[in-house]
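Trainee: Structure below; questions to follow.
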Amino acid sequence: GGYYTPKQVASYLGVGKTIDPSQKQYSLDQLKTLRNLYSTTVGAGKTVTSTTLEALKDAGLTSFDLTSFDPDKAPLPQAEVDEMVSAINDLQTLLDHPGFSGGIGFSTSKVPIFKVGLFPGDTGNFLSEFKNYKAKTILPLLSKLKGAMSDKDLAFLESAATKLDTGLTEERFIELSNEIIDKTAELLEEKGQLDAASLINGNILNAVDTASAEDILAGFDD
């Protein structure tokens with residue numbers, strides 16, 4: 001097959017019906033396909049082969065203009081947005097859990113879940129809920145989102161989530177939790193997909209805005 005420059009891609013796929021990424025929800029598989037194709041072709045300053053264009057067609061993106069695609073601004077599928085919001089809220093719930101103080105300092109990563117359940121009352125409930133959260137909520141979600149967000153953002157969240165453990169000090173546990181909550185909220189806010197009403201802690205949005213303002217002002221420091 002022949003080769004197509006980035007400008008020719010739109011014509012090949014039907015530029016008259018080009019889809020604006022900000023106006024369309026893609027399936028997670030489609031979003032991963034777009035991100036991967038963009039990063040290995042147009043994003044790397046390379047020409048696009050006919051094989052690449054056929055891959056776009058196979059992904060159900062027959063009228064998509066790859067040259068106009070911004071992988072960091074393309075909206076996530078609503079199902080993944082809902083899971084991310086749920087993960088934020090679940091983690092906030094753990095921070096507010098009545099067994100939080102009693103459970104911190106004891107590492108659940110080194111003890112089977114049935115032994116964690118032997119701890120009494122709120123402490124035992126907190127330890128059990130945290131172990132389930134890490135193993136069944138946050139880590140699987142981040143694994144699923146691989147390819148749907150930038151490698152840098154994903155690496156940041158994976159690092160914080162992996163380090164998160166009840167064996168840490170309260171201060172460090174809260175710090176890592178807030179990193180996960182704030183970064184996830186920030187990513188959704190940047191894509192225009194964060195609904196404050198769906199959050200347990202609506203102040204997250206204010207924290208994101210404040211951080212952005214501080215970053216901007218920092219650029220004017222001498």
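Trainee: Using θ = phi - 60° and the Karplus relation 6.51 cos²θ - 1.76 cosθ + 1.60, list the HN-Hα couplings for region 88-97 in order, rounded to whole Hz, with x at every Gly or Pro.
Mentor: 4, 5, 5, 5, 5, 4, 5, 5, 8, 5
Trainee: Let me ask something else about it. From the backbone phi of region 194-201, what are the Karplus-calculated ³J(HN,Hα) couplings (6.51 cos²θ - 1.76 cosθ + 1.60, θ = phi - 60°) in whole Hz, Gly and Pro given as x?
Mentor: Using θ = phi - 60°, the values come out as 9, 9, 4, 5, 8, 9, 5, 10 Hz.
Trainee: Whose amide H sits under 5 Å from the amide H of residue 65, counting only residues 5 or more places off or on another chain, with H placed in the peptide plane?
Mentor: Counting only residues 5 or more places away or on other chains, the set is 19.
Trainee: Further question on the same structure: Normalised by the residues of region 23-82, what does the relative contact order come to in percent, with Cα pairs under 8 Å and at least six apart? Intermediate values should be presented prior to the final figure.
Mentor: On the way: 38 pairs, mean separation 32.2, N = 60.
Averaging sequence separation for qualifying contacts and normalising by length gives 54 percent for region 23-82.
Trainee: Using just the alpha carbons, could you tell me how many Å³ per residue the convex hull of region 121-179 encloses? Walk me through the numbers before you get to the answer.
Mentor: Details: hull volume 4.4 nm³, N = 59.
Looking at region 121-179, the number lands at 74 Å³ per residue.
Trainee: Short version: ³J(HN,Hα) in whole Hz for each residue of region 39-55, in order, from phi by Karplus 6.51 cos²θ - 1.76 cosθ + 1.60 (θ = phi - 60°), x for Gly and Pro, what are they?
Mentor: Values per residue, Gly and Pro as x: 5, 8, 10, 4, x, 9, x, 9, 6, 9, 7, 5, 5, 5, 5, 5, 5 Hz.
Trainee: Using only Cα atoms, what is the ratio of the radius of gyration of region 33-190 to 2.2 N^0.38 Å? Walk me through the numbers on the way to the answer.
Mentor: Working: Rg = 19.7 Å, N = 158, 2.2 N^0.38 = 15.1 Å.
Cα-based Rg divided by the globular estimate yields 1.31.
Coordinate-derived values only; no laboratory data. Computed from a prediction, not measured in an experiment: that's the story for all the values here.
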